[in-house]
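Worksheet: one structure, shown below.
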Amino acid sequence: MSEARGEPGSGPEAGARFFCTAGRGLEPFLMREVRARLAATQVEYISGKVFFTTCSDLNMLKKLKSAERLFLLIKKQFPLIISSVSKGKIFNEMQRLINEDPGSWLNAISIWKNLLELDAKKEKLSQRDDNQLKRKVGENEIIAKKLKIEQMQKIEENRDCQLEKQIKEETLEQRDFTTKSENFQEEEFQNDIEKAIDTHNQNDLTFRVSCRCSGTIGKAFTAQEVGKVIGIAIMKHFGWKADLRNPQLEIFIHLNDVYSVVGIPVFRVSLASRAYIKTAGLRSTIAWAMASLADIKAGAFVLDPMCGLGTILLEAAKEWPDVYYVGADVSDSQLLGTWDNLKAAGLEDKIELLKVSVIELPLPSESVDIIISDIPFGKKFKLGKDIKSILQEMERVLHVGGTIVLLLSEDHHRRLTDCKESSIPFNSKDSDTDEPGIKKCLNPEEKTDAFKTVSTSFEASKHKFLDRMSPFGSLVPVECYKVSLGKTDAFICKYKKSHSSGL
């Protein structure tokens, strides 16, 4: 029933089992990404999580764009059954997550240790290369100074002697400083590796437990109760010490009615937190998913005619740099925020900004390759029927065969279909309890057939949904995903322009 990968002591080169959390509806994007970016195998999903095996190092894992957080998997198994049994018996069942298979825990710690050590060694080599380059530059400067001295000797012999003496002193000081700097960095690198090794000393390891409980078990127990039970079991079984403030290791546990998952957070900072975005607008994972759906190629002309703070263009430009990007908006404050983001990301020369209305774009007809845009919605933006005017102008500037990817509210989406009732796309069933075939996927022996069943149903529902949608003008619907924006849901819709609109 439980799942664990690798033999004790195996490193990332043998392939480690991970899982990422993802926003509801983004699981298909994350599954595609881990396959393409990490050459991942054994890829499967349950609502809000994607599981995979990869040999990639931390540097590659950091590049995931559609994930929220990344975890090294310790255990994945069927849920704890909550019935009329006493709390004591349920607590015993929780403790079995540790006691029943301690090997999976020790194996995960070993892999975690290897990942950190490998990352520290790569960082050491990278900094050493930088030091060699700096030393070479310093030596070149010394040679240049000596040449200058030789030239000056012919003009002024006495002054040259003084300068030569000065340069020699500078050279000695520079070499002395370089040696000290290298020694200091060498010690720092060694300390990093030793720290990584010491961190995983089984006797001295400090930890804390982070719990998330939902469904029936969430109603019966608090996260604090579960964390305390699990923490005590870990201390008794492994001899580790609890530290709630600054632990060396964090243990993450999610218990609900569908599964029990235990893992180690690989990074303390969320992957969705982009260092290059100064002011956040649209969720970065949603923006990246939209850009990834647009099939961006080098040399393309990509437009966001309602760019807001420019999040979509930032995500696209970071991933696909050899493209001409234009962002447009009617708001001065939004464009100023976009400009601040572009400067923070170092993309001022990659993205051009225009202050124009989306229904009056100063562009020739059929001049744009790709349009990606988040159509504003909510009480602040009452576009109503204007959504069709907006789409008409986008259709006009898009060339035949071009792509439009839009983020639409449920109301906007409904207005662009003939269906009187809200259309439910193929990936909208995302609750923990109604995902078809999920429980079977938890068993490694059964997951293949079950996953094929889910995938078949997935594709059938997709085509059925797309058949129900009516084309708008020359724009033909290609794909549609229902995604969560937190308190509300929205639709990522992809269209292709099939013929000249004649506008």
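The values are calculated or read from the model by the stated rules, or taken from the named source; none is laboratory data. As the structure is a prediction and not an experimental result, all values here were calculated from the model. No Cβ is skipped: glycine too gets one built from the backbone with ideal geometry, and neighbour counts run over all protein chains shown. Accessible surface is based on the protein model in full, side chains and every heavy atom, while ligands, DNA and RNA are left aside. Shrake-Rupley method; radii C 1.70, N 1.55, O 1.52, S 1.80 Å.
What size of dipole, in debye to the nearest 20, comes out for the range 268-324 about its Cα centre when the only charges are +1 on Lys and Arg C-beta atoms and -1 on Asp and Glu C-beta atoms? Walk me through the numbers on the way to the answer.
On the way: 6 positive and 5 negative charges, 64 e Å.
Dipole about the Cα centre, nearest 20: 300 debye.
In the full protein assembly as shown, how much of residue 105 is accessible to a 1.4 Å probe, in Å² to the nearest 10?
0
In 10 Å bins starting at zero, report the fraction of Cα pairs in the range 251-304 per bin as a rounded %.
Answer for the range 251-304: a P(r) of 16, 30, 31, 16, 7 percent.
Note the full-extension length gain between residue 206 and residue 298 as 0.36 nm times their separation in residues minus their Cα-Cα distance, in nm to one decimal. List each step's numbers first, then the result.
On the way: separation 92, 0.36 × 92 = 33.12 nm, distance 4.83 nm.
Working it through step by step, the gained length comes to 28.3 nm.
Counting only protein chains, not ligands or nucleic acids, how are 252, 207 ordered by accessible area (probe 1.4 Å), most first? Walk me through the numbers before you get to the answer.
Values: 252 30, 207 5 Å².
Correct descending sequence by accessible area is 252, 207.
For the range 303-376, what is the charge dipole size about the Cα centre, in debye to the nearest 20, if Lys and Arg each add +1 at the Cβ and Asp and Glu each add -1 at the Cβ?
Using only the charged Cβ atoms, the result is roughly 140 debye.
If you line up the Cα atoms of the range 43-96 on their principal axes, what length do they span on each, largest first, in Å?
Dimensions of the range 43-96 along the principal axes of its Cα atoms: 46, 20, 17 Å.
Which stretch or stretches of the range 336-360 have amide N atoms under 18 Å from the point lying 7 Å from residue 324's Cα along the Cα→Cβ direction?
Correct set: 348-355.
Probe 1.4 Å, all protein chains in place: accessible area of residue 210 in Å², nearest 10?
30
Scattering from the C-alpha atoms of the range 233-373 alone, worked out with Debye: what is log10 I(q)/I(0) at q = 0.11, 0.13, 0.20, 0.22 1/Å?
-0.54, -0.65, -1.14, -1.34
What ranking of 278, 487, 87, 497 comes out by heavy-atom accessible area, probe 1.4 Å, highest first? Write down the numbers at each step before the final one.
Numbers: 278 140, 487 205, 87 95, 497 5 Å².
Order by accessible area, largest first: 487, 278, 87, 497.
In debye to the nearest 20, how big a dipole does the range 229-368 give about its Cα centre with +1 on each Lys and Arg Cβ and -1 on each Asp and Glu Cβ?
860
Taking the full set of protein chains and a 1.4 angstrom probe, give the accessible area of residue 394 in square angstrom, rounded to the nearest 10.
About 0 Å², ignoring ligands and nucleic acids.
Distance in nm between label sites at residue 367 and residue 37, each 7 Å beyond Cα in the beta-carbon direction?
3.4
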